[in-house]
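Since the structure comes first, as structure tokens, the remarks are kept for the end.
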Amino acid sequence: MNIHKHIFVIIGLLLLSQKVAGQVDSVYTGEPKSKDGKKTQAKTDRFKSIKDKITYGGYIMPGFYSSRYGNVFYVTANPNIGYRLTEKFTIGVGLNYSYTSLKNQSGKYTQSIYGPSAFGRYKIFDRAFLQVQYNKLNQPDYYSGTDKRIWVDYLYAGGGYFQAFSDNAGIMYSIMYNLTPGRNSIYYNPLIQIGFVAGF
């Protein structure tokens, strides 16, 4: 299936679930009603301005290990910023960058991988969430036998858990699955992500 169809289907399902959730009667949600039977929208300090709806976060993971091919150093970074459409549904964009260095007796080999990303996150419980994520990465074509670089699409779906260490900031753990694997995919399923987020 075309990757754009994957994206439209998943985003559509998220929006539909949000619409259905918003139609649940206050008998079940516990929201107050006005005298004429209409729901009154609770306005908390958290949602008084656009600024309060902004989330930001990401992760940076350096590492070093030895393999049969040599000594490997790597660092991966993914800063992102999001906007909370509702209290439960957040969309956002980010950047991905990965640097790897392999050093052995034959010399030193380095590579960089980079590209934009976008995500949609829906809170199903107070701390648990579902997420879809789209990355478009510029990376080496490992099967060309040359230094050619190509753009590769990655569409992930999964979920995770948010562990707070302040009112609205904390550590986010997620497990994602690549729905569009290919021979040039650099990540294996599942992809485990651990990062920081503020504004959850």
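Sparse packing (at most 10 other Cβ atoms within 10 Å of the Cβ) combined with a DSSP loop state is found for the following chymotrypsin sites (Phe, Trp or Tyr not before Pro) in the range 108-154: Phe125, Tyr143.
Counting neighbouring Cβ atoms within 10 Å and putting the fewest first, the residues Arg68, Arg121, Arg149 line up as Arg68, Arg149, Arg121. Positive contributions from Lys and Arg (+1) and negative ones from Asp and Glu (-1), summed over other residues with Cβ under 12 Å from the Cβ of Gly70, come out at +3. Pairs of lysine residues in the range 87-200 that meet both criteria, 8 or more places apart or on different chains and Cα atoms under 23 Å apart, total 4. What net charge do the residues around Thr90 carry, taking every other residue with its C-beta under 11 Å from that of Thr90, with Lys and Arg at +1 and Asp and Glu at -1? Value of the local net charge: +4. Exposure proxy for Met176, Met61: other Cβ atoms within 10 Å of each Cβ, ordered fewest to most, give Met61, Met176. Shape class of the range 60-167 from the Cα gyration tensor (axes a ≥ b ≥ c, square roots of the eigenvalues): prolate, since a/c reaches 1.5 or more and a/b is larger than b/c. Taking other Cβ atoms within 10 Å as a rough exposure proxy, Ser144, Ser101 sort from fewest to most as Ser144, Ser101. For the pair Lys136 and Asn104, a Förster radius of 25 Å applied to the C-beta separation gives a FRET efficiency near 0.20, rounded to the nearest 0.05.
Values in this text are rule-based calculations from the coordinates and carry no lab data. These figures come from a predicted structure and were not determined experimentally. Virtual Cβ from ideal backbone geometry, glycine too; neighbours counted across all protein chains shown.
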